[in-house]
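I have placed the structure first, in the form of structure tokens, so that the comments after it can refer back to it.
The values are calculated or read from the model by the stated rules, or taken from the named source; none is laboratory data. Owing to the predicted nature of the structure, the values given are computational and were not obtained by experimental measurement. As a convention, Cβ positions derive from the backbone with ideal geometry for all residues, glycine included, and neighbour counts pool all protein chains shown. Only protein heavy atoms, including side chains, enter the accessible area calculation; ligands, DNA and RNA are left aside. Shrake-Rupley method; radii C 1.70, N 1.55, O 1.52, S 1.80 Å.
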Amino acid sequence: MAGGRRYRYVGPEEIRREAVRAGSVDLRSAADVVSWMVGEPVTFVVTVDGTLRVAPRRSEHVACADGEPVLAAGELIFAGGGEITEATNQSTGYCPDPGSWAAVAAAAESAGFAHPGRFTYTVVFRRCPDCRERNIVRDDDFTCALCGGELPARWNFGPG
Ligand SMILES: [Zn+2]
């Protein structure tokens, strides 16, 4: 069992219900990278056992994760030769904190991938305490896009 915060799915229930795991692949070495994964963003999760799993772009993260909690989720771009060149925590299904990078790095390193050392594009997620809407914070504006309520300074989707 790998360390770090576990993120549970926080997106709409109908997406969870309808999400079907299709075409996802556990990456255990650079040899597992095939052509559809190279040069285009792919959906990824890090499973709770620390495995880096990818699925074709626009796959739902909850489907890629079989509905389970994850240590990280977002999108990656692979170059050839086992290198990750771009990484982001953009997953509105799991709304992971930027601190989930540590789990991405650990999973990538255990599979032998070079990586950029950080998310190359970071998304800040908050749940509105008033209307419960999931928000992406832009330009440090901690205001709910739906109701105008104030968003908290700290990540607030989980029990932890
Ligand atoms: Zn709100």
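Take Ile84 and decide whether it is open to solvent by less than 70 Å² (accessible area, probe 1.4 Å) and in contact with a Phe, Trp or Tyr (Cβ under 6 Å, 6 or more places away or on another chain). It is true that Ile84 is open to solvent by less than 70 Å² (accessible area, probe 1.4 Å) and in contact with a Phe, Trp or Tyr (Cβ under 6 Å, 6 or more places away or on another chain).
So that you can scan it fast, the table gives a plain yes or no per residue for (1) basic (Lys, Arg); (2) part of a strand (DSSP E or B):
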| position | (1), (2) |
| --- | --- |
| Arg5 | yes, no |
| Ile15 | no, no |
| Glu40 | no, no |
| Asp49 | no, no |
| Arg58 | yes, no |
| Ala73 | no, yes |
| Cys95 | no, no |
| Gly99 | no, no |
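For segment 17-31, the tally of residues that are exposed (fewer than 15 other Cβ atoms within 10 Å of the Cβ) and free of Cβ contacts under 8 Å to residues at least 60 places away in the same chain stands at 7.
When each of Ala73, Ala30, Ala55 is tested for being of a type in the set (Gly, Ala, Ser) and at pLDDT below 95, the lone residue that passes is Ala30. For segment 6-15, which positions are open to solvent by 90 Å² or more (accessible area, probe 1.4 Å) and within 16 Å of the chain's Cα centre (by Cα)? Those that are open to solvent by 90 Å² or more (accessible area, probe 1.4 Å) and within 16 Å of the chain's Cα centre (by Cα): Arg6, Arg8. Asp66 meets each of the listed conditions (1) over 10 Å from the mean Cα position of the chain (by Cα); (2) crowded, with 16+ Cβ neighbours inside 10 Å apart from (2). One residue alone among Ala79, Ala103 is small (Gly, Ala, Ser) and crowded, with 20+ Cβ neighbours inside 10 Å, and that residue is Ala103. Please verify whether segment 76-94 includes one or more residues that are away from the ligand (no atom under 16 Å from the Cβ) and under 15 Å from Asn156 (Cβ atoms). The answer is yes, given that some residue of segment 76-94 is away from the ligand (no atom under 16 Å from the Cβ) and under 15 Å from Asn156 (Cβ atoms).
Does Ala106 count as among the small types (Gly, Ala, Ser) and closer than 17 Å to Gly74 by Cα?
Details: among the small types (Gly, Ala, Ser): yes; closer than 17 Å to Gly74 by Cα: yes.
Taking the combined requirement at face value, the residue satisfies it.
Taking the criterion of being in contact (Cβ under 8 Å) with a residue 60 or more places away in the chain and either open to solvent by 90 Å² or more (accessible area, probe 1.4 Å) or within 11 Å of the ligand (Cβ to nearest atom) (or both), the residues of segment 111-160 that qualify are Arg127, Arg134.
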